[in-house]
Amino acid sequence: TVTSSTPAPTFAPAAGTYDATLNVALSAVPGAVIRYTTNGVDPTGSSPVYSSPIPIAMSTATTTIKAFATAPGYLASPIAAASYTFAAATPTVSPNGGTFQGSVLVTLATTTTPGATIRYTLDGSPPTGSSTLYSGPFTLAVSATVTARAFHAAINPSNPAAAAFVLFTATPGIEPTAGTYVSSVSVSMTAAAGAAIRAALDDADAAVV
């Protein structure tokens with residue numbers, strides 16, 4: 001009496017979330033026949049016989065492959081399953097947050113999901129399909145948390161990427177430069193548009209009120 005079961009098939013790549021079309025290879029012990037389904041239903045003795053990697057097209061739906069193997073002289077293996085989900089690759093934010101003086105130019109990118117678009121927010125909230133569409137590098141002049149997400153019509157949105165930026169007003173310019181003068185000097189100061197300048201005439205820091 002045959003009592004030993006064939007080892008269950010294995011899947012390559014493993015189950016998970018991907019951002020490009022897959023070809024899933026099934027493996028079993030030498031001489032085993034693998035039967036499988038791609039609709040999540042348990043395979044039977046009349047299911048297709050595996051002969052070459054199974055193409056999985058990108059979709060918003062999850063595809064579940066189920067398979068079992070039968071080797072001569074052994075019972076059929078347990079049914080093994082692997083589920084595959086597709087989502088756009090998470091965008092990159094460059095620079096990835098930090099503290100900056102005056103302003104900072106922010107660039108968003110998603111290079112591994114062709115056809116994806118990026119949408120972003122500046123308040124830390126997760127972007128949706130109606131959030132601001134990224135069209136090119138943009139300048140931040142105030143502190144903000146940039147949160148970006150990639151969207152693709154055929155697959156699920158990416159995970160969000162977030163980067164916190166802290167902006168300080170640029171140091172004022174002083175003319176003429178510090179030095180020793182033989183007569184009185186008229187000093188002028190310049191700052192970024194909209195900035196207020198406060199000054200002290202001694203070594204004390206200028207008061208901020």
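A few remarks follow.
For (1) exposed (fewer than 14 other Cβ atoms within 10 Å of the Cβ); (2) in contact (Cβ under 8 Å) with a residue 40 or more places away in the chain; (3) within 14 Å of the chain's Cα centre (by Cα), each residue gets a yes or a no:
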| position | (1), (2), (3) |
| --- | --- |
| T117 | no, no, yes |
| S125 | yes, no, no |
| L133 | yes, no, no |
| F138 | no, no, no |
| V146 | no, yes, yes |
| R149 | no, yes, yes |
| A153 | yes, no, no |
| N156 | no, yes, yes |
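- Note on the stretch 23-79: residues that are within 30 Å of S158 (Cβ to Cβ) and of a type in the set (F, W, Y) total 1.
- Pairs with Cβ under 6 Å, 6+ apart, first in the stretch 1-15 and modelled with pLDDT under 95, second assigned to a loop (DSSP other than H, G, I, E, B) and open to solvent by 60 Å² or more (accessible area, probe 1.4 Å): S4/Y74
- Residue in the stretch 30-42 that is surrounded by fewer than 13 Cβ atoms within 10 Å (Cβ to Cβ) and under 23 Å from A87 (Cα atoms) present: yes
- Count - residues of the stretch 58-77 that are in a loop (DSSP other than H, G, I, E, B), under 30 Å from G115 (Cβ atoms) and open to solvent by less than 70 Å² (accessible area, probe 1.4 Å): 3
- Scan of the stretch 1-18 for residues that are open to solvent by 50 Å² or more (accessible area, probe 1.4 Å) and not in a strand (DSSP E or B), ordered by number: T1, V2, T3, S4, P7, A14, A15
The values are calculated or read from the model by the stated rules, or taken from the named source; none is laboratory data. What you are looking at is a predicted structure, and each value in this text was computed from that prediction instead of being measured. Counting neighbours? That spans all protein chains shown, and the Cβs are built from the backbone with ideal geometry, glycine included. In case anyone asks, the SASA skips ligands and DNA or RNA and just uses the protein heavy atoms, side chains included. Shrake-Rupley method; radii C 1.70, N 1.55, O 1.52, S 1.80 Å.
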